[in-house]
Structure formats: C-alpha cells, structure tokens
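Engineer: Below is one structure. I have some questions about it.
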Amino acid sequence: MKRLSVLLRGRPLHGDERYRPFFIVGSGRCGTTLLRAMLQVHPSLHIPPETHVLGPVIRKYRWYSRLPWGDLLRLVLSHFEYHRDFYTFGVSLRELHSELSTDERQNRNLARVLDAFYRFHARERGRKPRAHRWGDKTPSNINSMPQIRRVFPDARFVHVVRDGRDVAASFVRLGPHDLAGSADIWLRAIQSAQTFSRRHPGALIQVKYEDLVRSPESVLRPVCAFLNFSFDERMLRHHEMDLELGDVDVHEHLREVREPVHARSIGHWRQQFGDAEAAELNRRLGYMLNELGYSVRGEVSARSGRVR
C-alpha cells in the first residue's frame with residue numbers, strides 16, 4: 001500500500017528529520033562570496049561553490065517524484081553535475097548516487113538527498129572533520145527561497161545587500177548586462193527578499209556589504225548568532241587561511257576575495273558612470289535606495305559638481 005501511495009502522490013519534499021541549512025543570497029555582485037569565505041573559516045561549517053540549480057532541482061523533483069527511486073536520484077544529481085561550473089566542485093556524484101540508491105523507503109525524500117549532497121562535498125573536499133552544518137552561497141537562490149523553505153522548513157537565509165548603483169556598475173563592467181538590466185536584477189532581488197521576510201518573519205537576516213567591509217566583526221557576530229553557531233575570530237583573517245573555495249580560484253571576478261577586507265569598492269559607480277547614467281540609476285532605484293538607507297539626495301556629480 002505504501003508503494004501505491006507513492007505512485008499516486010509522489011515522494012515527499014522532506015521527512016521527519018529536521019535539517020538546519022543556511023543560504024547566503026543576494027542580487028549578485030553584492031558581497032556574498034566574501035561572506036562565504038569568512039564563514040568557511042569556521043571549523044563547524046562547510047559552504048561549497050555556487051550550485052546554481054537548486055530552484056530547478058526542486059521543481060524537477062516535484063514534477064517527476066513518481067519515477068523509480070534510482071531514476072529520480074539520477075535526475076536530481078545530474079542537474080548539479082551537468083551544470084557548466086560543476087567542475088569547480090572537484091567531485092563526481094557517482095558514488096553519492098550509489099549510496100543514496102539503497103536508502104530505506106522512509107528516507108526517500110528531497111531534503112535527505114540534498115543534505116547528503118552537501119555533506120558529501122564536505123567529506124570529499126572540505127578538509128573539515130568537525131563540520132556538522134552546511135550552507136549554500138548562490139545569490140540567485142533569492143528567487144527560490146519559498147521553494148527552498150518547503151524542502152527545509154528550518155532553513156535560515158542571509159541576504160547581503162549592497163548599494164544598487166555599485167551592483168549595477170559591477171554587472172555592466174563584467175557584461176553582458178546593460179544599465180537598465182543590471183538595475184532591474186538588483187531591484188527584483190530586494191523585492192523578493194522583502195516579500196519573503198514579511199511572509200516568514202525570523203527566517204531571514206539582512207546585512208549590508210558596506211558594513212561588512214568597514215566593520216566585519218559587527219556584522220559577523222549577529223550573523224553567527226542568527227545561524228546559531230559560535231563566532232570565531234579567525235573569520236576576520238580569512239585571507240590568511242588556506243581555504244578550499246573552488247570557484248573563487250577559477251573565476252577572475254571572484255579572486256579579490258583572497259585579499260584582506262577593504263572598502264575601496266564602495267561608491268565605484270561615481271567614477272564609472274557619467275551624469276546621465278547616474279541620474280537614470282537614481283530614477284530607477286531611488287525609492288528603494290532611500291528605503292534601505294542609501295542616500296540619493298544631495299549626491300554630488302564628480303564630473304560637474306552639480307548637486308542632484
């Protein structure tokens with residue numbers, strides 16, 4: 001009868017076991033990689049490279065949860081392994097598939113598979129025998145937080161916010177986004193986080209990139225408390241540690257994370273954009289920037305000296 005029930009309803013997203021993962025999210029180009037590197041210093045934590053596909057994995061699992069267990073496992077794990085950046089993980093998931101394929105029927109749910117995936121990477125690449133908590137740093141997960149919470153009801157989310165004009169400047173500099181597209185990415189991310197936070201009070205904490213680089217300890221301590229693990233002062237010296245970060249050493253735009261923390265990137269948009277572009281950004285993002293405490297009034301143009 002249980003097998004017939006699975007065929008009719010599909011397999012569940014989670015079982016009785018309660019996992020406590022955390023997810024670092026944001027707009028992209030907002031400091032999530034820096035926060036990941038700092039937290040990765042903690043001996044009890046493991047955060048792999050960006051997974052990129054967690055939202056699609058949850059959708060695919062729900063659509064095809066009636067498949068035979070081995071086929072469903074292959075579908076889920078292949079989404080991770082076939083992503084173009086998965087080589088930065090430095091593992092093959094063949095062994096993990098073999099391990100999970102023999103799970104007892106009562107353990108066959110998506111939360112169990114994902115928990116095993118992150119723990120497998122910690123075991124293979126984390127070099128942390130005491131790590132018992134895992135996190136995920138994929139900024140685009142900000143658009144999948146409700147779905148992730150259905151899989152992990154106890155999940156916590158850390159939303160890293162950065163001045164949207166600096167985010168847009170970074171996106172435009174890297175390409176292929178234009179000014180309007182970059183601004184929209186930032187705005188949608190902020191709106192997604194605000195909506196989620198209203199619906200799930202206490203599940204998300206917001207931190208500012210500017211605070212993180214100016215006063216790291218004042219940000220890290222509340223984050224650690226929110227995630228319910230101890231602050232480790234070595235996190236303030238992440239650049240001195242021989243961290244296994246995978247994608248950081250592959251992608252040039254992430255390598256600055258290996259350097260000591262600095263605040264030189266704050267306000268880069270003023271040098272990168274002319275008056276017309278700056279005015280357009282303020283027009284598009286001004287109300288949200290003000291709401292978040294980033295002033296757009298009294299901004300002085302570095303080129304013209306006019307006050308906007």
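Engineer: Restricting to DSSP H runs of at least four residues, report the calculated mean residue ellipticity at 222 nm for the chain, -39500 (n - 2.57) per run over all residues, nearest 500 deg cm²/dmol.
Structural biologist: Computed ellipticity for the chain at 222 nm equals -14000 deg cm²/dmol.
Engineer: I've got another one for you. Need the full-extension length gain, GLN206 to TRP63, defined as separation in residues times 0.36 nm minus the C-alpha distance. One decimal, nm.
Structural biologist: 48.2 nm
Engineer: Also, I was wondering about something else. Take the Cβ-Cβ distance between GLN194 and LYS128 as r, set R0 to 30 Å, and report the resulting FRET efficiency rounded to the nearest 0.05.
Structural biologist: According to the calculation, E is roughly 0.30.
Engineer: Can you send over the carbon and sulfur percentage of the accessible area for the stretch 170-216, probe radius 1.4 Å, protein chains only?
Structural biologist: The nonpolar share, carbon plus sulfur, comes to 49 percent.
Engineer: For the stretch 127-167, rounded, prolate or oblate, judged on the Cα gyration tensor with a ≥ b ≥ c (square roots of eigenvalues), a/c < 1.5 rounded, else prolate if a/b > b/c?
Structural biologist: oblate
Engineer: Using a 1.4 angstrom probe, figure out how much accessible area the stretch 176-232 has per residue, in square angstrom, rounded to the nearest whole.
Structural biologist: 48 Å²
Engineer: Run the numbers on the stretch 7-138 and let me know its relative contact order in percent, using alpha-carbon pairs under 8 Å that are six or more apart.
Structural biologist: Dividing the mean separation by the residue count of the stretch 7-138 yields 48 percent.
Engineer: Can you run phi through the Karplus equation (6.51, -1.76, 1.60; θ = phi - 60°) for the stretch 156-162 and list ³J(HN,Hα) in whole Hz, with x for Gly and Pro?
Structural biologist: My calculation for the stretch 156-162 gives 10, 10, 10, 9, 8, 10, 9 Hz in order.
Engineer: Any idea how far apart HIS83 and GLN106 come out in nm if each label point goes 7 Å out from Cα toward Cβ?
Structural biologist: It is 3.3 nm.
Engineer: Moving on. What percent does the relative contact order of the chain come to when contacts are Cα pairs within less than 8 Å and at least six residues apart?
Structural biologist: Relative contact order for the chain comes out at 26 percent.
Engineer: Let me ask something additional. Which of rounded, prolate or oblate describes the stretch 138-261 when judged by the alpha-carbon gyration tensor and an a/c cut-off of 1.5?
Structural biologist: oblate
Engineer: For ARG234 and SER98, calculate 0.36 nm times their separation in residues minus their Cα-Cα distance, and state this gained length in nm to one decimal.
Structural biologist: Fully extending the segment from ARG234 to SER98 adds 45.3 nm.
Engineer: Relative contact order of the stretch 76-223, please, whole-number percent, based on alpha carbon pairs below 8 angstrom and at least 6 residues apart.
Structural biologist: RCO, the stretch 76-223: 19 percent.
Engineer: Calculated from the structure, mean projected area of the Cα convex hull in nm² equals which of [x] 13.9; [y] 16.5; [z] 15.6?
Structural biologist: The value computed from this structure is option [y].
Engineer: Could you state the accessible area per residue of the stretch 1-142 in Å², with a 1.4 Å probe and every protein chain left in place?
Structural biologist: 47 Å²
Engineer: Report the local net charge at PRO201: Lys and Arg +1, Asp and Glu -1, summed over other residues whose C-beta lies under 14 Å from its C-beta.
Structural biologist: +4
Engineer: May I pose another question? Taking the mean number of other Cβ atoms within 10 Å as a proxy for protection, how do you rank 254-263, 186-195 from highest to lowest?
Structural biologist: Final packing ranking: 186-195, 254-263.
Engineer: Amide H neighbours of LYS137 under 5 Å, at least 5 residues apart or on other chains, H built in the peptide plane: list them.
Structural biologist: Hits under the 5 Å cutoff: ILE24, THR51.
The values are calculated or read from the model by the stated rules, or taken from the named source; none is laboratory data. Fair warning: this is a prediction, and the values are worked out from it, not measured in the lab. Glycine also receives a Cβ, built like all others from the backbone with ideal geometry; neighbour counts cover every protein chain displayed. Ligands, DNA and RNA are stripped out before the accessible areas are found, and what is left, the full protein with its side chains, is counted by its heavy atoms. Shrake-Rupley method; radii C 1.70, N 1.55, O 1.52, S 1.80 Å.
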